[in-house]
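To start, the structure under review is shown below, and the notes come after it.
The values are calculated or read from the model by the stated rules, or taken from the named source; none is laboratory data. Bear in mind that the values here come from a model prediction, so they are computed numbers and not experimental data. Virtual Cβ from ideal backbone geometry, glycine too; neighbours counted across all protein chains shown. To get the accessible areas, we keep the full protein, side chains included, count just its heavy atoms, and leave off ligands, DNA and RNA. Shrake-Rupley method; radii C 1.70, N 1.55, O 1.52, S 1.80 Å.
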Number of protein chains: 2
Amino acid sequence: MAAMSTEWLDAIKWDRDGLVPAIAQEASSGKVLMVAWMNREALAETARTSKAVYWSRSRRKLWRKGEESGHEQVVRDIRLDCDSDVVLLSVEQKGGIACHTGRQHCFFQQLQGDRWVTVEPVIKPASEIYGKK
Amino acid sequence: MAAMSTEWLDAIKWDRDGLVPAIAQEASSGKVLMVAWMNREALAETARTSKAVYWSRSRRKLWRKGEESGHEQVVRDIRLDCDSDVVLLSVEQKGGIACHTGRQHCFFQQLQGDRWVTVEPVIKPASEIYGKK
C-alpha cells in the first residue's frame, strides 16, 4: 500500500501546544459524549485505526480511549470545522459509557439558576470500571 | 431581585487565557453547529440573556453571536463537563445558519482517505449575510 499523504494533518491549525480539541458525538443518539485533545499522532492513529485516540494533557501521553475501561470509541466519521481548529468525531461508544465517572457522557452538570446540578445517573461506578486491573 | 451568586462561574476551570471552549449544539436536530470560546463575562451574559455570547480571540472582544449576521442562538440549556473545562450549549439557531461561511454548521470538512472534502452546501453566500451593513 502506498504511504498516505499527511497533507491533511498539515491543514489543521494546531494550537501553541500542538493540540486541537476533539468532540466525540454518539452516532446513534447525536449525544455529545465528551471533549478531549488530540495531537498530530493521536489524530493520525485515530484515522488509521478507526478507534478514538486522544492526547492526555495530565498524563502527557497518548490515550487510547477504552484502554483501561474497555469503553472504546469506534470512529465512523471525522470532521474538521471552518477554522480547521476543532475536530468532530462521530463514534459508536462501546459499553454505553463515555465518562470516567461512569456516566453515559461527560456533560452531566446542568446550569439551574446559579447552580450546577448533576442531572445524569452513574451507570457503573468508576471503582467497577477501573477496579478490575 | 437579589444579585445572583457567581460561584457557578468560579467552579469553571478557565484556561491560562481565562477561556473555555463552548460547543453549540442544535436542540432540534442534535447537530453540532460550532465551537467557540467564552470568557467569564461571555458565559455570564449568555446565562443572563439566554443568547449565546462568545469571546472572539481574533478580535479580542465579546462576540454576541448574530450581531452582524442576524443568526442568533437562543440558549435552551447550559451544561458543563466532568472536568469543568468545556461548556455545551443547546441552542435554537436563528436563520438555520451557524457558520460564517453560510453553511448550516461549521463541521463541513469530512476526512475521506487522506483528504478533507467539503460535504455541506452553502445555504446563503457570506456576501449576502454580511454585505448588508
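For this structure, a couple of remarks:
- Screening residue B:12 on (1) open to solvent by 40 Å² or more (accessible area, probe 1.4 Å); (2) modelled with pLDDT of 95 or more; (3) assigned to a loop (DSSP other than H, G, I, E, B) shows it passes everything except condition (1).
- Residues in segment A:35-56 that are in contact with a Ser or Thr (Cβ under 9 Å, 6 or more places away or on another chain), farther than 23 Å from residue A:101 by Cβ and open to solvent by less than 30 Å² (accessible area, probe 1.4 Å): A:44 alone.
- Each residue in segment B:57-78 was checked for being on the phi > 0 side of the Ramachandran plot and either surrounded by fewer than 17 Cβ atoms within 10 Å (Cβ to Cβ) or charged (D, E, K, R) (or both), and 2 pass.
- Failed item in (1) facing chain A (nearest Cβ under 8 Å); (2) more than 29 Å from residue A:27 (Cβ to Cβ), with residue B:80 passing the rest: (2)
- Number of positions in segment B:81-114 that are touching a Phe, Trp or Tyr at 6+ places or on another chain (Cβ under 9 Å), within 16 Å of residue A:83 (Cα to Cα) and free of Cβ contacts under 8 Å to residues at least 40 places away in the same chain: 5
- For segment A:97-121, the set of residues classified as surrounded by 15 or more Cβ atoms within 10 Å (Cβ to Cβ), more than 8 Å from chain B (Cβ to nearest Cβ) and farther than 30 Å from residue B:118 by Cα consists of A:97, A:102, A:104, A:120, listed by residue number.
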